[in-house]
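Structure, as structure tokens:
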Amino acid sequence: LSSLSYAFLVVVTIIAMGLSCVALLAQAVRHSPDGSWTRNFNALVIGASYASSYLAISLILCFNRRLAVRMRLQRMSKAYTTLPGARCPTSPVHEYVAQEYMRTCLVAHESLPTDVVHAGWGRPGTEYDGVRFRRALLDTIPEIGESRYTLAHTVIPAHPTLKPHARMLHHFRFILPLLSAEDDELTPLHYYDSAIQLARNAAEEPTEHEFALGMQAVEEIKKSLNDCRLEALESSITD
């Protein structure tokens, strides 16, 4: 009822202002020397007055509305609060929100790519799904021996810290005798060094095969260092 009353009042006010403007303009035309709109200064003043009044009222209403909204927002609590049962949404509203949420989740799930392959990234649906090969390979360096709290420094306390852009084969040269070699005298450290060099310097992204070889070398290096650490602990306990 209040909205209808407000709308009715606004319409009546606009009609009244329009009629008064028309009446004043007609009177200004009748009292002009030539009885026309040409060079009628009074009509110009009346029109400008009504236009400025309309603009001023519009600005006041907009400012009042903006101020009211701002004050209401400031009164809202910023902290998370638990609503009591009486203030919870009604059952239809709750069901509608739940349905929309489930529909959105279903659309988001169906929109996930299933057969898109990007260079340097794991394929969807595989064990490397969402893995960036270059970043994952470079992140293995701190795990093995960048600081003095890693495996390499645990086995060899005097192991040097990593220098920028140092090759893995040179940086981990002291643990090279601890690693098992193949028939071609290549150790996991050689494969790991090649993988890190590709990740650092290659213009193209590492392939899944190269990433798998690099991660396999990482696991073998970790296993060898961990075995050495356990043997050292056993010998210290025995002594």
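The values are calculated or read from the model by the stated rules, or taken from the named source; none is laboratory data. The structure displayed is predicted, hence computed values, not measured ones. All Cβ positions, even for glycine, are placed from backbone atoms using ideal geometry, and neighbour counts span all protein chains on display.
The figures follow:
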| read-out | value |
| --- | --- |
| Check on residue 139, closer than 26 Å to residue 209 by Cβ and either among the aliphatic types (A, V, I, L, M) or without any contact (Cβ under 8 Å) to a residue 24 or more places away in the chain (or both) | yes |
| Odd one out for residue 179, checked against (1) within 30 Å of residue 117 (Cβ to Cβ); (2) in contact (Cβ under 8 Å) with a residue 40 or more places away in the chain; (3) aliphatic (A, V, I, L, M) | (1) |
| Single residue of 206, 124 found to be modelled with pLDDT under 80 and under 30 Å from residue 109 (Cβ atoms) | 124 |
| Cβ pairs under 6 Å, 6+ apart, first in segment 151-170 and over 20 Å from residue 229 (Cα atoms), second buried (at least 17 other Cβ atoms within 10 Å of the Cβ) and among the aromatic types (Phe, Trp, Tyr) | 168/192 |
